[in-house]
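Since every read-out is calculated from the coordinates, none of them should be taken as a lab result. Please read these numbers as outputs of a predicted model, since none were measured by experiment. We place every Cβ from the backbone using ideal geometry, glycine too, and count neighbours over all the protein chains shown.
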Amino acid sequence: MKSVIFLAPPLGGKGTFSDYLIHHCGFTQISTGDLLRSEAEHNEELKAFLSTGAFVDDETILQIVEKELSKISLSTPIILDGIPRTLQQAKKLDIILSGLKRDVVVIYIDVDKKILLDRLLGRRICMKCHRSYNIYIDEFKPKVSMLCDDCHETLVQRDDDNLESYEVRYAKFLESTMPVVAYYQEKGCLTVLQNNDVDQTSALKSLLEVIDDNKK
Ligand SMILES: [Zn+2]
């Protein structure tokens, strides 16, 4: 199975689809945020740096990702989360992935901005396991209202799920992520997934077809 990289606007469905692949298709997620936090537990310098909220340099992130990936069997399907954020990272990541003999399928989740804004108000998160739900979308509602299916914690709306902060994140997406989308398109490893339906069912179906096509 090829490794998966999702590229999407904020609230494009990346978290939802990643969760689906993890819970139903045996994927393991490699998240740069998680890796950095766990690395910082025994690295005081990194810990101090992370607390400033600044971005860690590419070399450090890529080294940590490479180390983690090299521990995981090639037969385990991987989702890369949090990387690549920039075109420069995408190019460096390519070298690492080809060195590890990991093929990658990049899935760009394309969503109209109006629909993204509609979704903004429905999202609820489990603070314990970070699984995300949407109280307006049947497929992603929790089984019991406002409780996480997995750990029964009360679901919450994130503070930054407001219009003002969304516009900042969306502008960042246009500036940093769209060049990465164009890069992979040119390389010929990009699959575009339209995800404009309210319930995301057809996008999920298409995603599973893409996953199926990339099984080896
Ligand atoms: Zn939970």
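Can you spot a residue in region 163-179 that is in contact with a strand residue (DSSP E or B) (Cβ under 7 Å, 6 or more places away or on another chain), of a type in the set (F, W, Y) and within 20 Å of P10 (Cβ to Cβ)? Checked against the condition, which is being in contact with a strand residue (DSSP E or B) (Cβ under 7 Å, 6 or more places away or on another chain), of a type in the set (F, W, Y) and within 20 Å of P10 (Cβ to Cβ), region 163-179 yields no hits at all.
Looking across region 126-145, the residues that are touching a helix residue (DSSP H, G or I) at 6+ places or on another chain (Cβ under 9 Å) and buried (at least 17 other Cβ atoms within 10 Å of the Cβ) come down to R131, S132, Y133, N134, I137, F140. Of all residue pairs spaced 6 or more apart or on separate chains, those with beta-carbon atoms under 7 Å, a first member in region 125-146 that is of a type in the set (K, R) and a second member that is more than 9 Å from the ligand (Cβ to nearest atom) and in a loop (DSSP other than H, G, I, E, B) are K141/I135. Scanning region 175-207 for residues that are aliphatic (A, V, I, L, M) and either at positive phi or over 16 Å from the mean Cα position of the chain (by Cα) (or both) yields A182, V198.
Each row is one residue, and each column tells you yes or no for (1) within 16 Å of the ligand (Cβ to nearest atom); (2) part of a helix (DSSP H, G or I); (3) among the basic types (K, R); (4) surrounded by fewer than 19 Cβ atoms within 10 Å (Cβ to Cβ).
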residue: K101; (1), (2), (3), (4): no, no, yes, yes
residue: V105; (1), (2), (3), (4): no, no, no, yes
residue: I109; (1), (2), (3), (4): no, no, no, no
residue: I115; (1), (2), (3), (4): no, yes, no, yes
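Consider V180 carefully, then state whether it is out of contact with any Lys or Arg (no Cβ under 7 Å at 6 or more places or on another chain), touching a residue at least 40 places away in the same chain (Cβ under 8 Å), surrounded by 13 or more Cβ atoms within 10 Å (Cβ to Cβ) and closer than 29 Å to K67 by Cβ. Against the criterion (out of contact with any Lys or Arg (no Cβ under 7 Å at 6 or more places or on another chain), touching a residue at least 40 places away in the same chain (Cβ under 8 Å), surrounded by 13 or more Cβ atoms within 10 Å (Cβ to Cβ) and closer than 29 Å to K67 by Cβ), V180 qualifies.
For I30, state whether it is under 30 Å from N162 (Cα atoms) and in a strand (DSSP E or B). Yes; evaluated as a whole, the condition is true for this residue.
For every residue, the table says whether it meets (1) farther than 17 Å from L87 by Cα; (2) surrounded by 12 or more Cβ atoms within 10 Å (Cβ to Cβ); (3) within 16 Å of the ligand (Cβ to nearest atom).
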{"position": "L147", "(1), (2), (3)": "yes, yes, yes"}
{"position": "D150", "(1), (2), (3)": "yes, yes, yes"}
{"position": "R158", "(1), (2), (3)": "yes, yes, yes"}
{"position": "L163", "(1), (2), (3)": "yes, no, no"}
{"position": "K172", "(1), (2), (3)": "no, yes, no"}
{"position": "E175", "(1), (2), (3)": "no, no, no"}
{"position": "Q185", "(1), (2), (3)": "no, yes, no"}
{"position": "N196", "(1), (2), (3)": "yes, yes, no"}
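Does R124 count as part of a strand (DSSP E or B), touching a Lys or Arg at 6+ places or on another chain (Cβ under 9 Å) and either more than 24 Å from V181 (Cβ to Cβ) or away from the ligand (no atom under 14 Å from the Cβ) (or both)? Spelling it out, R124 is indeed part of a strand (DSSP E or B), touching a Lys or Arg at 6+ places or on another chain (Cβ under 9 Å) and either more than 24 Å from V181 (Cβ to Cβ) or away from the ligand (no atom under 14 Å from the Cβ) (or both).
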